[in-house]
1. With each label point set 7 Å from Cα along the Cα-Cβ vector, what nm distance links ILE173 and LYS201?
2. Could you work out how far apart the two model spin labels at THR36 and LYS211 are, taking each label as a point 7 Å from the Cα in the direction of the beta carbon, and quote it in nm?
3. Run the quick spin-label model on ASP22 and ARG232: label points 7 Å from Cα toward the beta carbon, then report their separation in nm to one decimal.
4. Based on the Cβ-Cβ distance of LYS254 and GLU278, what FRET efficiency does E = 1/(1 + (r/R0)^6) give at R0 = 35 Å, to the nearest 0.05?
5. Net charge near TYR80, counting Lys/Arg +1 and Asp/Glu -1 over other residues with Cβ under 11 Å of its Cβ?
6. How much net charge surrounds ALA108 when only other residues with a Cβ under 11 Å from its Cβ are counted (Lys, Arg +1; Asp, Glu -1)?
Amino acid sequence: GVGESECLKTALTLTAPAPFADETSCQCQAPHEKLTIAQARLGTPVDRPVRVYADGIFDLFHSGHARALMQAKTLFPNSYLLVGVCSDDLTHKFKGFTVMNEAERYEALRHCRYVDEVIRDAPWTLTPEFLEKHKIDFVAHDDIPYSSAGSDDVYKHIKEAGMFVPTQRTEGISTSDIITRIVRDYDVYARRNLQRGYTAKELNVSFINEKKYRFQNQVDKMKEKVKNVEERSKEFVNRVEEKSHDLIQKWEEKSREFIGNFLELFGPDGAWKQMFQERSSRMLQALSPKQSPVSSPTRSRSPSRSPSPTFSWLPIKTSPPSSPKAASASISSMSEGDEDEK
């Protein structure tokens, strides 16, 4: 009914982190009878859940860790998942340096939804005393042999006791992968954190590298500004192209109209040429008046002759007459000319 669904929602809603083993008041009081994996999968004892233990370093807690714990939690129909986390001293001794300290790693595990209880300072190798203390039925871990100092597989005796249940690793994600990415992109992260206010000392960066990273940050900022300007310019050009399409069409129409009017006015047969020809003919007529009649004297047709009689008094150089008759003829013609002028 409605009440059952509301209760189910309340049960699935987690509102607090998982407790630490040494702080919880919910200790298992039932007798710890031996269970087989087959029995646990068929059904758990009526009075208690199956207690499953998973352990690890859990440095830089990620989804691969969470999925392994989800598998451990869902191995059996009713289970209680305890997660052991090794301390810094133990981890540095047997495995290596961690990015997160033990307090940070403990706290990260408490906020995983599949974890019911966190055991701090978990042992590197599980002893019968530890298993009995926490009433552990089964140990869940991936089935890749986990070697350590003096042992090829720290889970060997757990497997021999029939208490080991394998889980599957999630490919593509691991703490080592994450650290590899950071080391590979160290320059990028160092530059970013310098820009965010971290000091070179905090980042263990030398003075020269600090100046190099800061200079590179300035270069990147300039590149980003140029990129933004280019993008805004492209957007502006696109808007102008879209809005100017109609304008260009109108301009082309006006241009054709203008060219047509120009040719009509100034073309080979245009109005301007006709007007120019008419004006040219009028000017030629004004500059060149009609000639005198043919019957007029020859001297009147000379363009250099003036109505003034002064030309008759100019000395004219003539060749000497070849005969007395020719000379008398020329004298008589001159006297006739004088008479005409008078």
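1. Result: 3.8 nm between the two label points.
2. Result for the modelled spin labels: 7.5 nm.
3. If labels sit at ASP22 and ARG232, their model points lie 6.1 nm apart.
4. 0.65
5. Summing Lys/Arg as +1 and Asp/Glu as -1 gives +1.
6. -2
Where a number appears in this text, it was derived from the coordinates with a stated rule and is not lab data. All figures in this text were calculated on a predicted structure; none of them were measured in a lab. Ideal geometry is used to build each Cβ from the backbone, glycine not excepted, and the neighbour counts take in all protein chains shown.
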